[in-house]
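The values are calculated or read from the model by the stated rules, or taken from the named source; none is laboratory data. Note that this is a predicted model, so its numbers are computed, not measured. In this analysis, Cβ positions are derived from the backbone assuming ideal geometry, glycine residues included, and neighbour counts consider all displayed protein chains.
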């Protein structure tokens, strides 16, 4: 899963670099790398919020943090990202005009779609793979225990039958 704290740290770092760039008069074009890092981190924050709302099965069972704690962390990161987005919108609209903000939003949408296709799909496949492995192991252990119990019962039943046969032989021979 994407850690919202790590994503928020990356977003804040990139955002601070962007703010300093505007403060010293850099063009938005020269800060495209920083904007890209910020957009990627914000996209990760949004995805962590989605993961927190729908955690994987085993995460619910064995998570070190509670589901509520994770959801709260993701929510707070999302709200901070929204604040940064609003401040960035004001900075860009003030320096380059509202059309520059709209262009940036389109660019962000394209980046997000591309990331979702590649990175998030891969993370989802990995999560499903490990869940499948865990379920397979759990089923194998369960079946192994069941087979062991059945085997034990069969052996126990045979030993009971042998004991009865032995007792019958001893009774018939007059020893008992």
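Pairs meeting the criteria (first residue in segment 26-44 and modelled with pLDDT of 80 or more, second residue assigned to a loop (DSSP other than H, G, I, E, B), beta carbons under 8 Å, at least 6 apart or on different chains) are 35/28; 44/2. Just one of the listed residues (68, 131) is more than 30 Å from residue 27 (Cβ to Cβ), under 26 Å from the mean Cα position of the chain (by Cα) and loosely packed, with under 10 Cβ neighbours inside 10 Å, and it is 68.
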